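Read through the structure below, which is laid out as structure tokens, and then see the notes.
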Amino acid sequence: MRDDKPLALVTGASSGIGFELAKQLAERGFDLVVNAEDEARLQRAAERIRAAGARVEVVRADLRVYEETEALFAAATTLGRPLDVVALNAGVGRGGAFADTDLADELEIVDLNVRSTVHLAKRVVRDMVVRGEGRILVTSSIASTMPGSFQAVYNASKSFLQSFTEALQNELEDTGITLTSLMPGPTGTDFFHRAGMDDTKVGRQDKDDPAQVARQGLDALFSGKDKLVAGSLRTKAQGLADKVLPDAAKAQAHRRMAEPGSGEAEDAG
């Protein structure tokens, strides 16, 4: 890797928004450290990112595991170069009634979405504070603004990330470090399939372009914005509505979108 180029770390970079963040950072002149759990998919993604002219270091790690999260940070920092940008993007979801879903699946959401983000942020922020500069992008979600009926733990995890990021923004003001919360709506990734939500209304609806979401997120990051509801005009309108709707109404609306079988019921209607 060339020492004169800035360096970025992106987690969850094998597909979806994470891949687009890494690819677009490469197009903006960054070298990359990319991470995901699936090594084969990550290697394929890295080859595509290298086509943009970036040097790419691949680090396979399961961020649900403390030791592997530590190993990722060590690999990213032993290159002898500071991390100028860190995109804490890795996440997972699970749909279904809380009474029916497996506890292991719900705890996986907590471990990946919440625990690993806190873990990496702790390591990254301390390094950036010493240097007095750095940018962190946290992939939250528009889901953070509403109770997540039939996605209870996922939405709660994103609400945690939103609160966590906003608290650090206040703590780190005037330090030269910026944090930006990226809040996408339903986006065209494999998230809903992996979450077992193919039969839901939200799983079947048209979704936002991950490249658009990533571009808007990076524009917000580099302009120093605190947060951004990213994606289509429909998603941005939903973000505005969520500021004024009561929580009970938002929970009911989420139920209509995420309840198992809601997509099939709409098809039948």
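Taking the Cα centre of segment 1-66 as origin, sum charge times position over the Cβ atoms of Lys and Arg (+1) and Asp and Glu (-1), and report the length of that vector in debye to the nearest 20.
Taking the Cα centre of segment 1-66 as origin, the dipole is about 140 debye.
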Report summary line: For ASP208, other-chain or 5+-apart residues with amide H closer than 5 Å (H placed, Pro excluded) are THR187, GLY188
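If the viscosity is 0.890 mPa s and the temperature 25 °C, what translational diffusion coefficient in µm²/s does Stokes-Einstein give for segment 116-166 when Rh comes from Kirkwood over Cα pairs?
Working: Rh = 12.0 Å.
Roughly 204 µm²/s, to the nearest whole number.
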Query raised in the report: Lys/Arg Cβ at +1, Asp/Glu Cβ at -1, dipole of the chain taken about the Cα centre: which of MET146, VAL114, LEU233 is farthest positive-ward?
Result: LEU233
Report summary line: Cα-based Rg and Dmax for segment 93-220, in Å, come out at 15.9, 49
Report task. Compare LEU63, LEU245, LEU107 in a GNM of the chain, Cα atoms joined below 10 Å, and give the one with the largest fluctuation. Result -> LEU245
Query - Rounded D (µm²/s) - the chain, Kirkwood Rh over Cα pairs, Stokes-Einstein at 25 °C, 0.890 mPa s - result: 131 µm²/s
Query raised in the report: Helix 39-50: angle to the longest alpha-carbon principal axis of the chain, degrees 0 to 90, nearest 10?
Result: 60 degrees
Query raised in the report: Expressed as a whole number of Å, what is the distance separating the alpha-carbon centroids of segment 120-196 and segment 208-237?
Result: 13 Å
Report task. In Å and from the alpha-carbon atoms only, list the Rg and Dmax of segment 171-223. Result -> 15.2, 47
Query raised in the report: Which Rg and Dmax, in Å, describe the Cα atoms of segment 146-269?
Result: 15.8, 56
Report task. Based on a Kirkwood Rh over C-alpha pairs, give the Stokes-Einstein translational diffusion coefficient of segment 46-114 at 20 °C and viscosity 1.002 mPa s in µm²/s. Result -> 147 µm²/s
Query raised in the report: Magnitude of the Cβ-charge dipole of the chain, K/R +1 and D/E -1, about the Cα centre, nearest 20 debye?
Result: 680 debye
Report task. Report relative contact order for the chain in percent, whole number only (criteria: Cα-Cα under 8 Å, sequence separation at least 6). Result -> 18 percent
Report task. Taking the dipole about the Cα centre of the chain, with the C-beta of Lys and Arg at +1 and of Asp and Glu at -1, give me whichever of LEU42, ALA156, LEU21 is farthest to the positive side. Result -> LEU21
Requested in this report: Give the whole-number value, in cubic angstrom per residue, of the convex hull volume spanned by the C-alpha atoms of segment 127-200.
Outcome: 102 Å³
Requested in this report: At a 1.4 Å probe radius, which order do LYS250, LYS122 fall into by accessible area, largest first?
Outcome: LYS122, LYS250
Query raised in the report: Is it possible to state the helix-based mean residue ellipticity at 222 nm for the chain, with each DSSP H run of 4+ residues giving -39500 (n - 2.57), the sum divided by total residues, to the nearest 500 deg cm²/dmol? What is it?
Result: -14500 deg cm²/dmol
Query raised in the report: Expressed as an acute angle from 0 to 90° and rounded to the nearest 10, what is the orientation of the C-alpha long axis of helix 16-27 relative to the principal long axis of the chain?
Result: 30 degrees
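Determine one quarter of the surface area of the Cα convex hull of segment 38-81, which equals its mean projected area, and express it in nm² to one decimal.
3.4 nm²
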Report summary line: So the compactness index of segment 1-137, its C-alpha Rg divided by 2.2 N^0.38 Å, takes the value 1.06
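When N counts the residues of segment 208-269, how does its alpha-carbon radius of gyration compare numerically with 2.2 N^0.38 Å, as a ratio?
Compactness ratio reported: 1.44.
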Report summary line: Surrounding charge for THR101, neighbours by C-beta under 12 angstrom, Lys/Arg +1, Asp/Glu -1, total -4
Query - Heavy atoms of LEU179 accessible to a 1.4 Å probe, total area in Å² rounded to 10 - result: 10 Å²
Report summary line: Restricting to lysines and to Cα separations under 21 Å from LYS243, and discarding same-chain partners fewer than 8 apart, the set is LYS158, LYS225, LYS227
**Report entry** Exposure of ARG44 as accessible area (Å², to 10), given a probe of 1.4 Å and all protein chains
**Finding:** 140 Å²
Report task. Just need the relative contact order of segment 101-243 here, percent rounded to a whole number, with Cα pairs under 8 Å and 6+ apart. Result -> 25 percent
Report summary line: Once phi for every residue in segment 91-100 is put through the Karplus expression 6.51 cos²θ - 1.76 cosθ + 1.60 (θ = phi - 60°), the whole-Hz ³J(HN,Hα) values, with Gly and Pro written as x, are x, 8, x, 8, x, x, 5, 4, 5, 9
Requested in this report: Would you work out the charge dipole size for segment 142-240 about its Cα centre, treating the Cβ of every Lys and Arg as +1 and the Cβ of every Asp and Glu as -1, and quote it to the nearest 20 debye?
Outcome: 340 debye
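The values are calculated or read from the model by the stated rules, or taken from the named source; none is laboratory data. The shown structure was predicted, so the numbers you read here are calculated from the model rather than taken from an experiment. Reconstructed Cβ throughout: ideal geometry from the backbone, glycine too, with neighbour counts over all protein chains shown. SASA here: full protein model, heavy atoms, side chains in, ligands and nucleic acids out. Shrake-Rupley method; radii C 1.70, N 1.55, O 1.52, S 1.80 Å.
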